[in-house]
1. Restricting attention to segment 223-249, which residues are charged (D, E, K, R), in a helix (DSSP H, G or I) and in contact (Cβ under 8 Å) with a residue 12 or more places away in the chain?
2. Considering only segment 242-283, how many residues are over 18 Å from A223 (Cα atoms) and in contact with a Phe, Trp or Tyr (Cβ under 7 Å, 6 or more places away or on another chain)?
3. Looking at R399, R300, R395 in this structure, which one is touching a Gly at 6+ places or on another chain (Cβ under 8 Å), of a type in the set (K, R) and over 30 Å from T157 (Cα atoms)?
4. Name the pairs: first residue in segment 123-138 and in contact (Cβ under 8 Å) with a residue 40 or more places away in the chain, second residue surrounded by fewer than 19 Cβ atoms within 10 Å (Cβ to Cβ), Cβ to Cβ under 6 Å, at least 6 apart or on different chains?
5. Restricting attention to segment 247-274, which residues are over 19 Å from E293 (Cβ atoms) and polar (S, T, N, Q)?
6. If you check every pair at least six apart or on different chains, which have Cβ atoms under 9 Å apart with a residue in segment 91-119 that is closer than 13 Å to V36 by Cα first and a residue that is among the charged types (D, E, K, R) and surrounded by 15 or more Cβ atoms within 10 Å (Cβ to Cβ) second?
7. Only one of these is farther than 16 Å from A297 by Cβ, in a helix (DSSP H, G or I) and touching a Phe, Trp or Tyr at 6+ places or on another chain (Cβ under 7 Å): E328, E361, E357. Name it.
8. Among the residues of segment 263-286, count how many are small (G, A, S) and modelled with pLDDT under 90.
Amino acid sequence: MSDKSGSAASGQGENRRAVRCKPVNRQQLMLRSVDVERLVEEDHPVRAIWELIGQRDLSSFYAEIAALEGGAGCPAWDPRVLISLWLYAYSQAVSSARELSELCRYSPAYQWLTGLEVINYHTLSDFRVAHQEALDQLFMEVLAVLSHEGLVDLERTMHDGMKVKACAADKSFRRQATLEEHLGLARQRVMEMGDPCSEEIRDRVAQARQRAVRERQERLELALQELERMQEVQSDAEKQKKVRASTTDPEARVMKHAHGEFAPGYNVQISTDAKAKVIVGVGVSQSGNDAAELIPAVERVEANLGQAPQQMVVDGSFINQQNLVEMEKRKIEVIGPVIDHTSQTAAGLQKRGVAAEFFPEAFVYDEENNGYTCPAGRKLTYQGEEKRAFSLRHRYRARPRDCRACGFQAQCCPGSQARSLVRTGGRRSAGLSGKDGDGFGQGDLQAAVGRSGISPCLD
């Protein structure tokens, strides 16, 4: 059936008349001449990328090409074309080799780069994998050129983390005993299958099966290595026994994702220049939160461009004392939300049944004796300090017999033997006196992130 338009009727009844429209015939075949050079405009970004890559030293890419003039074999694709394709694809948010290969069929910019040729997605993918380090170095050089020309000034850098799900299921996580058992079975299976180069194993199916067994053994060995790393972080022996690693993707970690579900994944950290909208740093972390990712992000940007950002714009997950102190040392301005610790503390106390008259603000600090006095006149003495990931916590506690004899125990520490408080600070001097040797005092920290100081703790 032909799909084309022609004459049509217009109007109703006696006033109907035939109109003539230009027909559209989509069943026809046409031979067209294409001027490849005119597929894109003179000022199209793809031309700039082609010229920029042509000015870089690509000798390391050409050195691995085995096809030589006068020799047999199919000629290889020019590395300059492949690099330009990937760089332009990244600029258009395309990272899939299959999608890039498909774009070479109809998109003018990609057709201009390839001269109307279509490059197989396997070739594109294999090139990216085989030259990963060289491509990373080349892209950093491109960033350096953009920075030198003033196109990327790092005056303001936007940074955030993004959780990406791993190719592993929750059921693939196993504890140490199970991993060791499966590894022993895999090694035994590899030994039983014999030498892959022997005459007995020539069948492609048999070779594929043997390769699958070997790859499973390698994943299990890597899973045990990752398990040991996670166990080193845990100080409690019971917690070390509960640590699990995935047999499918050993480097993945179970973390909370965007919609609240917990699943294996990675934490991808991305830094972008706000003015040029160019990614200037990318990192992959196994951490389930962003608290420790700001400093490494700044170091990546500095390594890529040879200079540190002037401002870092982040969300509240990056705001903590260690990051703010380090950014102050590096003279980098941090722009982020102010954390309201007061409302969080008040809500927690109200939930526990503590009266407003006995909130932490009502306790008076005695700097000379390093202690607190509660509203009822009872003393809380210094018990010691606890080192946390991003702060130093100083604990103060009242004597249980004083609290039992107090008529306000039900309002101050309901259900607990004694009232205790925790005062936070990067160092003891900063936590207690508001002074710090590096010039970043407690007052500066409070101004930056809201209220930082006393937290309630009921024992």
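1. Kept after step one, since they are charged (D, E, K, R), are these residues of segment 223-249: 226, 228-229, 232, 236, 238-239, 241-242, 244, 249.
Still in the running and in a helix (DSSP H, G or I): 226, 228-229, 232, 238-239, 241-242.
The answer is E226, K241, K242.
2. Matching residues across segment 242-283 total 1.
3. The unique qualifying residue is R395.
4. Cβ pairs passing all conditions: A134/S60.
5. Scanning segment 247-274 gives T247, T248.
6. Within 9 Å, the pairs are W112/R47.
7. Of E328, E361, E357, the one residue that is farther than 16 Å from A297 by Cβ, in a helix (DSSP H, G or I) and touching a Phe, Trp or Tyr at 6+ places or on another chain (Cβ under 7 Å) is E328.
8. Quick first cut of segment 263-286, residues small (G, A, S) only: 263, 265, 271, 274, 276, 281, 283, 285.
Pick out the ones that are also modelled with pLDDT under 90 and you get 263, 276.
Residues that pass the stated criteria total 2.
The values are calculated or read from the model by the stated rules, or taken from the named source; none is laboratory data. Please read these numbers as outputs of a predicted model, since none were measured by experiment. In this analysis, Cβ positions are derived from the backbone assuming ideal geometry, glycine residues included, and neighbour counts consider all displayed protein chains.
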